[in-house]
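Inspection log for the structure reproduced underneath, given as structure tokens.
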Amino acid sequence: MISILLIYIVAAVIILAIDHKVIRNLPKVNRWFTYLFLLCGMAIFTYSLQFRHVVYATVWLGNWLKPLVPF
């Protein structure tokens, strides 16, 4: 698992290195969203590798919203 996570981190660093000029010229909010998406993607990837029984976000959200749906 560590090697796969290391591959993801290396890929994220390559993406940031290649797009450094583009990311630097973005507004501050867009830069933060870029970094946030990379970190959230890494967290989801790590979660899916770490546990055998993965709870998908759509299932969790469906269970959470079930009382609000009229049918």
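Per residue, the accessible area of the range 2-68 comes to 89 Å² when a 1.4 Å probe rolls over the protein heavy atoms.
Over the C-alpha trace of the chain, radius of gyration and Dmax come out as 16.8, 50 angstrom. Given their separation in residues at 0.36 nm each and the Cα-Cα distance between them, LEU68 and SER48 gain 4.4 nm when the chain is fully extended.
The values are calculated or read from the model by the stated rules, or taken from the named source; none is laboratory data. What you are looking at is a predicted structure, and each value in this text was computed from that prediction instead of being measured. These accessible areas exclude ligands, DNA and RNA; they are computed on the full protein's heavy atoms, side chains included. Shrake-Rupley method; radii C 1.70, N 1.55, O 1.52, S 1.80 Å.
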